[in-house]
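Any read-out appearing in this document is the output of simple, stated calculations on the displayed coordinates, not a laboratory observation. Everything quoted here is computed from the prediction, not taken from an experiment. Please note: Cβ atoms are built from the backbone with ideal geometry, for glycine as well, and neighbour counts cover all protein chains shown.
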């Protein structure tokens, strides 16, 4: 399985931007980069995904390095409700999601 | 619209008993997944159904675990002769097609299983 590396934890102040990094140096050409998050006591929730180009949606932005060996999830203004574990996952074709340990984001009021 | 639902939300059972956990996927989703999350652990894939294809059972931890998906919709995960190490949150997810790298999975709230 293609693997990703994320920091164990990060901290942000409320209403500040947050940049969550992910390294995936062994990514293959068919791998999409997906981000999910898991709020306390809830199931995971899809955030965003991309292949090569940067992506924006209502929740976040995804910046993908030109060589695709790393990516960054950007929360433009962190709120207390964004405190969660964020998972960066590579997915191609007919495979289930392989979750690593993710990054636990704490947001300080 | 309705999301993925799971029942029961909590289940407490005694060691050695059998349990059944139910998942109702989003209508029209052809792919269905079961995962579990033990206390303080990551999410672990268990089994995957895609349309009428044979399920991918590669994540099931032992032959005490089995799952069915009837009529391409509702799924039941059965754990026979439960052990204390089976205590975990069991999560179900569904997706539109499953076979694409772009496919997005939608998760239910989970069933918290406690084996005494």
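Within the range A:92-109, the set of residues being surrounded by 20 or more Cβ atoms within 10 Å (Cβ to Cβ) and at the interface with chain B (Cβ under 7 Å from one of its Cβ atoms) comprises A:96, A:97, A:99. Scanning the range B:20-31 for residues that are within 12 Å of chain A (Cβ to nearest Cβ) and within 10 Å of residue B:4 (Cα to Cα) gives a single hit, B:23. Being within 25 Å of residue A:103 (Cβ to Cβ), facing chain A (nearest Cβ under 9 Å) and under 14 Å from the mean Cα position of the chain (by Cα) is a description that does not apply to residue B:101. Filtered by the rule that a residue be in a loop (DSSP other than H, G, I, E, B), exposed (fewer than 15 other Cβ atoms within 10 Å of the Cβ) and touching a residue at least 12 places away in the same chain (Cβ under 8 Å), the range A:8-44 gives A:8, A:14, A:15, A:16, A:17, A:25, A:26, A:28, A:30, A:39, A:40.
From the list B:49, B:65, B:45, the lone residue that is free of Cβ contacts under 8 Å to residues at least 60 places away in the same chain, touching a strand residue (DSSP E or B) at 6+ places or on another chain (Cβ under 7 Å), surrounded by 14 or more Cβ atoms within 10 Å (Cβ to Cβ) and more than 12 Å from chain A (Cβ to nearest Cβ) is B:65. For the range A:63-86, the tally of residues that are free of Cβ contacts under 8 Å to residues at least 60 places away in the same chain and within 30 Å of residue B:59 (Cα to Cα) stands at 9.
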